[in-house]
Amino acid sequence: MTPVTDSLAILKRENQVLREKEKQLTIINDFAIELIKKISIDEIVWFIAKNVAARMGFFDCVVYLYDEPKDCLIQAAAHGPKNPIHFDIKDPIIITLGKGIVGCAAKNGKSELVHDTRKDPRYIIDDDYRLSEISVPIIFEGKLIGVIDSEHPEVGFYSKQHLKILETVAALASVKIANTQHAEQLANHQKNLEEQVNLKTKELQDSVEKLSKSNQDLESFAYAASHDLQEPIRTIASYLQLIERKEKNLSSESREFLNFAVDGSKRMRKLLEGLLSYSRLKRTGFENEEINLDDLLTVMTANLNRQILETKATLKYGNLGVIFGNKTQISQLFQNIISNAIKFRKEGVSPEIDIQRATKDGYAVITIEDNGIGIDPSFHQKIFQLFSRLNTINKYSGSGIGLALCKRIVENHFGEIEIDSEKGKWTKFTIRLPLENREF
Ligand SMILES: Nc1ncnc2c1ncn2[C@@H]1O[C@H](COP(=O)(O)OP(=O)(O)O)[C@@H](O)[C@H]1O
Ligand SMILES: [Mg+2]
């Protein structure tokens, strides 16, 4: 051979190698571009199986995915004579790590290139003897994701070149599969979370519904009971009074007992009246109007004139501004609190009641402070309950309904009522009512 033909031969060979390389690069490039577009694991594995087989002229290609909880490989996609229909694997092959050539590639994290399967004791015969096999693990950040495997009927079919391309494909696929798995897990997690939130919301709605139903039942019961019980109580009281008037020879002791009974029935009537007004307090649908608090208090002091004069009480207020609400209910609210402030005064001390108003966070904040007997703070919650009183009836009259009523009125107006006090010194009620004119 002449040097010219020599170098020509070299050039030809190099050209051949370059073409080969170009072909490989094109395969990898095309693969990478298409892979990016896949969005689900299923799409990705089927794309790999089909493309590897077609582009590289392989007889078949199977993709296995590693199932971490079960610690095994499960066939996820396959292309070749055994699986002519895409996306349809009825009984996926399951491979234990370390078993067969695929299992070994997975367990050792190293590719396997078997030129003659007859000489490899690890080879597991399927339906047909395939004489060569190539297995490449898919690994991401040191963790096994799956295996790409291909078998061929001929001996020595797979080359080092094939191995190189397949390893590049596996590396590209590993990132994509790992990312997609994460995204799918996240989406599942989110879905679970959403389902749980929906479930809880539904449960909550159900219990609110049940609660409001039982509240309504209770309200109508309280109304019916207090209404229907008034009549028999009235009868008892009038017959007791009749006996007292008719029986001239009653001993003074019996007369005293009769008086107790009459008093009792009168108190009972008062309690029933209170209960009736409590259950009549409408929660919704009432008239909502602008109320000038100074005007309202002026009317109230006129109503309480007798008590104010008797106890020499002084009321300090002014510039209380306006609020929105139901006038009847708001009047009841102030009347209850102010009459309590007068009633629970210290012996020998004239009641001084100071009413102020501030505005904070969209609320009118109204405080009513007195210089009376005060309340032990441990009773602060209790006094807002129906019929709860802290003093004997002999010392201070009342039915224990006033503050329960106040609480309900304030709640009807989407507000809050709080108490602060020092036993033996003072009591201060704080009422917060929303400034905006809400629909009730
Ligand atoms: N301004 C106040 N000072 C001291 N104690 C009070 C005051 N307001 C309410 N209380 C206590 O709270 C209890 C409940 O009040 P309320 O529901 O109005 O019932 P009543 O006035 O019929 O006793 C009262 O019995 C009293 O013990
Ligand atoms: Mg009261």
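The values are calculated or read from the model by the stated rules, or taken from the named source; none is laboratory data. Since the structure is predicted, the reported quantities are computational estimates derived from the model, not experimental observations. Using ideal geometry, Cβ is built from the backbone for each residue, glycine included, and neighbour counts are taken over all protein chains shown. Please note that ligands, DNA and RNA were not included when accessible areas were found on the heavy atoms of the full protein model with its side chains. Shrake-Rupley method; radii C 1.70, N 1.55, O 1.52, S 1.80 Å.
Would you check which residues across region 293-321 are open to solvent by 60 Å² or more (accessible area, probe 1.4 Å) and part of a strand (DSSP E or B) and list them?
Hits for region 293-321 are T314, K316.
Which condition does G362 not pass, out of (1) open to solvent by less than 30 Å² (accessible area, probe 1.4 Å); (2) more than 16 Å from ligand 2 (Cβ to nearest atom), if it passes all the others?
(1)
Yes or no, residue by residue, for (1) open to solvent by less than 90 Å² (accessible area, probe 1.4 Å); (2) closer than 30 Å to F140 by Cα:
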| site | (1), (2) |
| --- | --- |
| A171 | yes, yes |
| A187 | yes, yes |
| E195 | no, no |
| Q205 | no, no |
| S212 | yes, no |
| F221 | no, no |
| I233 | yes, no |
| A237 | yes, no |
| Q241 | yes, no |
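Filter region 109-129 down to residues that are touching a residue at least 12 places away in the same chain (Cβ under 8 Å), open to solvent by 90 Å² or more (accessible area, probe 1.4 Å) and not aromatic (F, W, Y), then give me how many there are.
Result for region 109-129: 5.
Say whether the condition of being within 20 Å of I308 (Cβ to Cβ), free of Cβ contacts under 8 Å to residues at least 60 places away in the same chain, surrounded by fewer than 19 Cβ atoms within 10 Å (Cβ to Cβ) and within 13 Å of ligand 2 (Cβ to nearest atom) is met by at least one residue in region 371-387.
no
Need the failing condition index for V155 against (1) in contact with a strand residue (DSSP E or B) (Cβ under 8 Å, 6 or more places away or on another chain); (2) aliphatic (A, V, I, L, M); (3) more than 30 Å from G100 (Cβ to Cβ), just the number.
(3)
Can you pull out the residues in region 14-39 that are in contact (Cβ under 8 Å) with a residue 24 or more places away in the chain and open to solvent by 90 Å² or more (accessible area, probe 1.4 Å)?
I36, I39 - these are the residues of region 14-39 that are in contact (Cβ under 8 Å) with a residue 24 or more places away in the chain and open to solvent by 90 Å² or more (accessible area, probe 1.4 Å).
Give region 388-401 a look and list any residue that's among the aliphatic types (A, V, I, L, M) and either more than 16 Å from ligand 2 (Cβ to nearest atom) or open to solvent by 30 Å² or more (accessible area, probe 1.4 Å) (or both), or say none.
L390, I393
Just checking, how many residues over region 170-188 are within 14 Å of N29 (Cα to Cα) and in contact with a strand residue (DSSP E or B) (Cβ under 7 Å, 6 or more places away or on another chain)?
Summing the residues that are within 14 Å of N29 (Cα to Cα) and in contact with a strand residue (DSSP E or B) (Cβ under 7 Å, 6 or more places away or on another chain) in region 170-188 gives 2.
Residue by residue through region 250-270, note down the ones that are open to solvent by 60 Å² or more (accessible area, probe 1.4 Å) and aliphatic (A, V, I, L, M).
Answer for region 250-270, where residues must be open to solvent by 60 Å² or more (accessible area, probe 1.4 Å) and aliphatic (A, V, I, L, M): just M268.
Evaluate region 430-439: report whether one residue or more is of a type in the set (K, R), more than 36 Å from the chain's Cα centre (by Cα) and loosely packed, with under 13 Cβ neighbours inside 10 Å.
no
Keeping to region 411-428, report how many residues are within 18 Å of Q332 (Cα to Cα) and either at pLDDT 95 or above or not in a helix (DSSP H, G or I) (or both).
Residues meeting the conditions: 8.
Which count do you get for residues in region 329-356 that are open to solvent by 40 Å² or more (accessible area, probe 1.4 Å) and either under 43 Å from the mean Cα position of the chain (by Cα) or away from ligand 2 (no atom under 14 Å from the Cβ) (or both)?
So the answer is 10.
Just checking, does region 217-226 include any residue being assigned to a helix (DSSP H, G or I) and of a type in the set (F, W, Y)?
Yes, region 217-226 contains at least one residue that is assigned to a helix (DSSP H, G or I) and of a type in the set (F, W, Y).
Return the pair list, or none, for Cβ contacts closer than 8 Å from residues in region 222-242 that are in contact (Cβ under 8 Å) with a residue 24 or more places away in the chain to residues that are part of a helix (DSSP H, G or I) and open to solvent by 90 Å² or more (accessible area, probe 1.4 Å), at least 6 apart or on different chains.
Sorted first by the residue in region 222-242, then by its partner, the pairs are Y223/R280; A237/K266.
For (1) modelled with pLDDT of 95 or more; (2) assigned to a helix (DSSP H, G or I); (3) near ligand 1 (Cβ under 7 Å from one of its atoms); (4) under 25 Å from E287 (Cβ atoms), each residue gets a yes or a no:
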residue	(1), (2), (3), (4)
D354	yes, no, no, no
T359	no, no, no, yes
V365	yes, no, no, yes
I368	yes, no, no, yes
G398	no, no, yes, no
I431	yes, no, no, yes
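Taking interchain pairs and intrachain pairs at least six residues apart, which have beta carbon atoms under 7 angstrom, with the first residue in region 327-341 and closer than 13 Å to G402 by Cβ and touching a residue at least 60 places away in the same chain (Cβ under 8 Å) and the second open to solvent by 40 Å² or more (accessible area, probe 1.4 Å) and more than 10 Å from ligand 2 (Cβ to nearest atom)?
What qualifies is S339/Q307.
Which ones in region 20-56 are of a type outside the set (V, I, T), out of contact with any Lys or Arg (no Cβ under 8 Å at 6 or more places or on another chain) and more than 20 Å from G80 (Cβ to Cβ)?
E20, K21, E22, K23, L25, N29, A32, K37, S40
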